[in-house]
Structure formats: structure tokens, C-alpha cells
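Visitor: I am attaching a structure below and will ask some questions about it afterwards.
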Amino acid sequence: MKVGVAACPHWGAHNSVKRIVLAVGLALACVSSLAAAKVGSEALIEARQASMKQMAAAAKTLAGMFNGQVPYNAAAFRDAAETLRDRTGSLVGEFPSGSLGPLSGAKPEIDQDRRSFEALAHHIATLTTALAKEAANAPPKINGEMRMGPGTMMDGGSLLGKRTNAAEPDPATLPAEHLVHMILQDCTGCHSRFRQKIR
């Protein structure tokens with residue numbers, strides 16, 4: 001007499017064990033995936049924060065050279081300008097949706113107004129690119145061509161504080177000091193709108 005599958009007393013138990021093993025495997029895979037995503041997000045946030053610190057240090061150096069608080073050095077000026085250019089060039093990609101919130105210092109408003117955030121990031125990148133280009137031929141001493149002229153209008157440089165119908169000057173035509181001021185304006189405006197203190 002042939003014994004069919006239905007007649008096997010262990011078939012039902014064996015099938016149940018398979019289902020349990022499969023369910024446990026899927027659960028572990030999900031947990032591993034979530035853990036990997038969390039680790040990836042944390043690594044991205046740490047890298048972004050390190051990048052922000054480099055940008056802050058470079059901006060402080062450049063501003064300090066123009067206001068006399070930091071001794072001017074052509075090579076250091078060039079390095080700081082290039083750091084700003086390199087760091088701001090990847091700003092948009094450093095703020096994906098999964099990396100926002102109180103622990104990261106980046107407000108969820110970035111997602112809510114992604115267009116404004118990206119426009120501001122691109123504007124800063126345009127300014128720092130122009131600055132780095134000028135810094136490539138930085139003179140031994142700060143000269144008149146690097147300085148803003150007396151009475152230079154500074155309002156309207158930042159996209160967040162721009163006057164209605166104010167003409168946007170071509171960054172390539174602006175002196176280095178003016179570019180530095182505009183970059184600082186954009187950074188301050190961006191932080192006030194999209195940054196929060198980390199608890």
C-alpha cells in the first residue's frame with residue numbers, strides 16, 4: 001500500500017516548522033535592513049556635520065582675513081575658498097529625507113520646501129565657485145580689487161533676504177570680499193530657516 005502525503009503523520013508539523021523558519025528569516029532580514037539603514041543614515045549625518053564644520057572654519061578664515069582678525073596668506077585664502085567650493089557643491093545630496101530631524105540638526109522643513117532649500121544650496125555653490133576661481137590667482141597681499149567699494153549694497157545678496165525685483169549681480173564680476181559677505185548671508189539665512197539645535 002502506497003502512503004500518500006496526506007497519510008504522513010509528520011507532514012503537517014514539518015510544514016509548520018518550515019513556515020516558522022521562513023517567518024523568522026524574513027523578520028531577521030527586515031531587522032538587519034533597518035539596522036543597516038540606521039547605520040547608513042548615522043554615517044551620512046556624521047559626514048555632513050563634519051563637512052559643515054569644515055565650511056564654517058573656511059568661512060571664518062576668509063572673513064577674518066578681510067576684517068584683519070586673521071593674517072592674510074594667499075595659499076590659505078585659496079585653500080579656504082576651495083574648501084567652500086568643494087563642500088557646497090554636494091550640499092543638496094547631503095540632505096536626503098531619511099537624515100532630517102532633531103538628532104541631525106536639519107529641520108524637516110527641508111523636505112516641506114525642498115525647492116527653496118535646493119535653490120539656496122545652488123546659489124551658495126555658485127558664489128563659492130566664483131570665489132574659488134578668483135582665489136586661484138590670489139595676490140601676495142589683499143588689494144583694492146579684492147575689496148568691496150565704499151557704499152556697496154549688501155541687501156539682496158541672499159535668496160532668503162532678497163529685495164523684490166532686486167537685480168542679482170553676476171558673481172564673476174564681484175570682488176572676493178563681496179562674495180564672502182554674500183556667502184555668509186546665505187549661510188546665516190539657511191541656518192535660520194533649515195537648521196535646529198541638536199539636543
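Each value in this text was obtained by applying a stated rule to the coordinates, not by laboratory testing. Just so it is clear, the model here is predicted, and its values are computed rather than measured. No Cβ is skipped: glycine too gets one built from the backbone with ideal geometry, and neighbour counts run over all protein chains shown.
Visitor: Taking 7 Å along the Cα-to-C-beta vector as the label spot, tell me the residue 168-residue 46 distance in nanometres, rounded to one decimal.
Guide: Going by the 7 Å Cα→Cβ label model, 3.7 nm.
Visitor: Quick check on the exposure proxy: order 51, 90, 104 from fewest to most C-beta atoms within 10 angstrom.
Guide: 90, 51, 104
Visitor: Let me ask you something else. Please report, to one decimal in angstroms, the Kirkwood hydrodynamic radius of region 46-194 built from all distinct Cα-Cα pairs.
Guide: Evaluated on region 46-194, it is 15.9 Å.
Visitor: To continue, here is another question. Along the charge dipole of region 46-194, Cβ charges K/R +1 and D/E -1, which of 99, 125, 146 sits furthest on the positive end?
Guide: The listed residue farthest towards the positive side: 146.
Visitor: Using the beta-carbon distance between residue 197 and residue 141 and R0 = 45 Å, what value does 1/(1 + (r/R0)^6) give for FRET efficiency, to the nearest 0.05?
Guide: Given R0 = 45 Å and the Cβ-Cβ separation, E is 0.70.
Visitor: Take the residue pairs 53/141; 60/107; 107/197 and return only those whose Cα atoms are more than 20 Å apart.
Guide: 53/141; 60/107
Visitor: Please compute the net charge surrounding residue 172, taking Lys and Arg as +1 and Asp and Glu as -1 over other residues with Cβ under 14 Å from its Cβ.
Guide: Cβ neighbours under 14 Å give a net charge of -2.
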